[in-house]
Amino acid sequence: MEVDARVSSLTDFGAFCSLKNPNDGEFHGVEGLVHISELSWQRISSPASVLKVSEAVRVKVIGVDKQKARINLSVKQLSEDPIKETLEDLLPLENAQSGADGSRAFSGTVIAGLQALCDALLEEPGVSGVAMGRRGHNDRVVSQDLEIWLTTQVVRNGYNVVARAGTDVQEIRVETTLSRDEMKGAITRALNKMP
């Protein structure tokens with residue numbers, strides 16, 4: 001069940017929230033706790049970095065212990081786990097622009113270091129072409145580190161590789177005859193060549 005709430009206090013271990021009665025829209029002194037682990041998909045050091053006292057917030061009731069008179073709440077469960085996002089979630093096709101050859105590409109600058117990765121991939125035996133694809137922005141940052149993964153979607157004559165650094169996401173189209181395992185090896189070697 002989802003309810004509207006207001007942050008009543010912050011502690012080191014979470015945020016206490018007053019719950020609004022869905023029938024009359026009033027606060028009647030019923031409180032629940034959003035544990036720090038339920039505030040955000042990101043790792044946070046303090047609840048104060050996510051919420052402020054008196055802030056209105058939507059919460060999900062994830063547990064009720066009637067014997068201890070405790071209500072457990074979650075903020076993060078109202079949004080999708082960023083780890084489970086698909087390529088289409090991160091890089092919607094409607095953000096792509098069609099080129100003269102019918103290919104789709106996202107205009108904009110390239111994530112720092114990706115050009116070096118593309119150049120290193122082009123040196124790999126079996127790789128015949130590398131091109132930047134869609135580019136996107138994801139506010140729900142999981143890590144600031146550069147993350148590279150091979151998509152599971154089958155594409156013609158190769159693979160799509162996705163790079164994420166902070167809030168930026170970039171698709172890289174690799175034309176190759178390599179198998180999936182060989183492609184993973186080529187990516188690993190290319191990453192090892194990067195400065």
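The values are calculated or read from the model by the stated rules, or taken from the named source; none is laboratory data. These numbers come from a predicted model, not from an experiment. When we count neighbours, we look across all protein chains shown, and the Cβ atoms used for this are built from the backbone with ideal geometry, even at glycine.
How many of the residues making up region 169-190 are within 13 Å of residue 123 (Cβ to Cβ) and of a type outside the set (Lys, Arg)? Number satisfying all stated conditions: 5. Any residue at all in region 32-45 that is more than 30 Å from residue 145 (Cβ to Cβ), touching a strand residue (DSSP E or B) at 6+ places or on another chain (Cβ under 9 Å) and not assigned by TED's automatic domain parsing to the domain that holds residue 145? Yes; the residues of region 32-45 include at least one that is more than 30 Å from residue 145 (Cβ to Cβ), touching a strand residue (DSSP E or B) at 6+ places or on another chain (Cβ under 9 Å) and not assigned by TED's automatic domain parsing to the domain that holds residue 145.
The set of residues in region 14-47 being touching a residue at least 24 places away in the same chain (Cβ under 8 Å) and among the aromatic types (Phe, Trp, Tyr) consists of 41 alone. Looking only at residues of region 104-114 that are exposed (fewer than 13 other Cβ atoms within 10 Å of the Cβ) and not aliphatic (A, V, I, L, M), we find that the one that is modelled with the highest pLDDT is 109.
Restricting 55, 2 to residues that are acidic (Asp, Glu), over 27 Å from residue 166 (Cβ atoms) and within 29 Å of the chain's Cα centre (by Cα) narrows the list to 2. Contact map, region 1-12: first residue farther than 19 Å from residue 63 by Cα, second residue outside any strand (DSSP E or B), Cβ cut-off under 6 Å, separation 6 or more or different chains; pairs are 10/47; 10/48. Filtered by the rule that a residue be surrounded by fewer than 17 Cβ atoms within 10 Å (Cβ to Cβ) and at pLDDT 90 or above, region 34-46 gives 35, 37, 46.
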